[in-house]
Amino acid sequence: MTESSGMRRRQAVRALILSEPDESVLLLRMLRPDRAGHFWLLPGGGIKPDEDRLDALRREVWEETGLRVGGVPRLLWRRTHSFGRGGKATEQHEDIYLVLARRFEPTARHNPEPSEVGIFREFRWWSVQALAGAASERFAPRTLPLLVKGLVADGPPPRPVSLRD
């Protein structure tokens, strides 16, 4: 994590875990940093100083879901967004990778981060239809239901797509 002009910059990775053959996506429900509600997000997190992106992705997915990521996942999207935590603003740059897997029962028992234990509320596999019909839910990225719909209908983009929200 680096700091510039009072804004912390953080590099992170996330996995869009798409189940085969039913094309559902695994999401985590998380307590918002301001504790004013919840939102659904893709598993993943910050890159440690001594890690490359794929090592960080494999570690984060294992810690947060119990899934071992094999092969070389495809980079789908690059997302930049800002959030506040602990009274400090953070600009996060995320690489979001496609991870194909058979549906499994996720577990967070491998997560060594005590700060995350109290903020993750549940796992859920979401179908494209369930995502599209979840108007009262919040997702990160905000356009995740549309992104997943496009991915399932058209396949991965030929080059990573930049997202900003």
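Numerical summary
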{"quantity": "Conditions (1) touching a strand residue (DSSP E or B) at 6+ places or on another chain (Cβ under 8 Å); (2) at pLDDT 90 or above; number of the one not met by residue 90", "calculated": "(2)"}
{"quantity": "Options 70, 45: the member that is out of contact with any His (no Cβ under 8 Å at 6 or more places or on another chain) and assigned to a loop (DSSP other than H, G, I, E, B)", "calculated": "70"}
{"quantity": "Candidate set from region 52-83 (those that are crowded, with 18+ Cβ neighbours inside 10 Å and without any contact (Cβ under 8 Å) to a residue 24 or more places away in the chain); member that is farthest from residue 146 (Cα to Cα)", "calculated": "59"}
{"quantity": "Tally, over region 144-165, of residues that are in a loop (DSSP other than H, G, I, E, B) and either open to solvent by less than 70 Å² (accessible area, probe 1.4 Å) or touching a residue at least 60 places away in the same chain (Cβ under 8 Å) (or both)", "calculated": "5"}
{"quantity": "Given (1) of a type in the set (S, T, N, Q); (2) within 14 Å of the chain's Cα centre (by Cα); (3) at pLDDT 95 or above, index of the condition residue 11 fails", "calculated": "(3)"}
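The values are calculated or read from the model by the stated rules, or taken from the named source; none is laboratory data. The structure displayed is predicted, hence computed values, not measured ones. We place every Cβ from the backbone using ideal geometry, glycine too, and count neighbours over all the protein chains shown. Heavy atoms of the whole protein, side chains included, go into the accessibility calculation; ligands, DNA and RNA do not. Shrake-Rupley method; radii C 1.70, N 1.55, O 1.52, S 1.80 Å.
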